[in-house]
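Working notes for the structure below.
The values are calculated or read from the model by the stated rules, or taken from the named source; none is laboratory data. As the structure is a computational prediction, the values presented were derived from the model and not from experiment. With ideal geometry, Cβ positions are generated from the backbone for all residues, glycine too; neighbour counts draw on all protein chains shown. Only protein heavy atoms, including side chains, enter the accessible area calculation; ligands, DNA and RNA are left aside. Shrake-Rupley method; radii C 1.70, N 1.55, O 1.52, S 1.80 Å.
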Amino acid sequence: LRKIDLQIFGSDEENIYKNYIYANEYIVSPNILANEKIIHATMIRNNYLKYKYLLNPIIRKRLDNKFGFQKYICIIGKSGSGKSSLADYIVKNIPNCISINIDKIVHESHGDGLVKEKIKSIVNGDIFDKDGNIDRKKLGVIVFNNSKLKENVYAITWDYVDNYIKDISNKNYNYVILDWYNINSKNYFDIATVKILVERDYESRKIDVMRRDNVSSEYFDLREKNSNNYENTKYDYKVNYSDKSDLEKLINCLK
């Protein structure tokens, strides 16, 4: 979580730069091989969107700003890890920043008439409450045990969510925070300026989620089984929300 001023590509020897580099904080990156090509600064400049994730997130943030790209912060983590708390903390400490809790927008989408009809047409079973609204617990039990069906339901709700995000992104925010455990499977994760993983121990998450969502231990474990493990996910920062010193360092890097 350093405030990097400069990133140098194509060297294995950091010492040779110390006498003439004027940046207060810099990082030296050795030759990087991607797509069977040695990556250098010109290639990154000429195809920035393809190679931007080879850059330190601080440098990437500045270039996103220079090139006029929408700046997304994607916060991922398992249920109860503290994603929304971190998003709220960033909003309070970064000017002109907005957070979108994707799970709430997914929930909102289930009240949309067209979304309800599309989900009803592909799900075989009782998924409605006594008022005719989609019962997320009933829907979850069915789709969590059927990966293909789960994908199809996500696809239906994501159209609604995607339009919501685009409406927000058309406004002039410095950052748009996307908070959802599954965001890494979506295209916004691929273009994000910053990617953050929030971690917390299993037992603490379970206690909080059971109380927060009024779900059973069995339902939590079913949800946990169907969530991502993030082991193969590349992210810029790993944060434990209870570690206030890490949060301060993160805010300093985002400013």
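An ellipsoid equivalent to region 67-107, defined through the eigenvalues of its Cα gyration tensor, has semi-axes of 20, 13, 10 Å when rounded to whole angstrom and sorted largest first. What's the whole-number percent of alpha carbon pairs in region 141-186 lying beyond 12 angstrom? Of the Cα pairs, 70 percent sit more than 12 Å apart.
If I take every Cα pair under 8 Å that is 6 or more residues apart in the chain, average their sequence separation and divide by the length, what percent do I get for the relative contact order?
Relative contact order for the chain comes out at 27 percent.
Dividing the Cα radius of gyration of region 130-255 by its Kirkwood radius returns 0.98 for Rg/Rh. Pairs of C-alpha atoms in region 77-179 farther apart than 18 Å represent 55 percent of all such pairs.
Shown for region 125-245: the carbon plus sulfur share of the solvent-accessible area, taken with all protein chains present and a 1.4 angstrom probe, equals 45%.
Accessible surface computed residue by residue for the chain, with neighbouring protein chains in place and a 1.4 Å probe, gives 56 Å² per residue. Of ARG223, ARG136, ARG45, ARG62, the order by accessible heavy-atom surface (1.4 Å probe, DNA, RNA and ligands excluded), from most exposed downward, is ARG45, ARG62, ARG136, ARG223.
Computed over the alpha-carbon atoms, region 71-137 gives an Rg to Rh ratio of 1.11, Rh here being the Kirkwood radius from the mean inverse distance. Using the average count of surrounding beta-carbon atoms within 10 Å as a protection proxy, the listed peptides 92-98, 79-85 rank, highest first, as 79-85, 92-98. The longest part of the chain holding none of the exposed loop GluC sites (Glu not before Pro), meaning those outside H, G, I, E and B in DSSP with at most 12 other Cβ atoms within 10 Å, is 37-230.
Stretching PHE69 away from ILE98 to a fully extended chain increases their span by 8.8 nm, per 0.36 nm per residue minus the current alpha-carbon distance. Note on the chain: antiparallel DSSP beta bridges, both residues inside, total approximately 15 percent of the bridges counted.
To the nearest ten degrees, helix 57-67 and the longest principal axis of the Cα atoms of the chain are 90 degrees apart.
Between the listed residues ILE100, VAL198, LEU222, the Cα displaced farthest toward the positive end of the dipole of the chain, a dipole computed from Cβ unit charges relative to the Cα centre, is found at ILE100.
Divide the volume of the convex hull around the Cα atoms of the chain by the residue count and you get 161 Å³ per residue.
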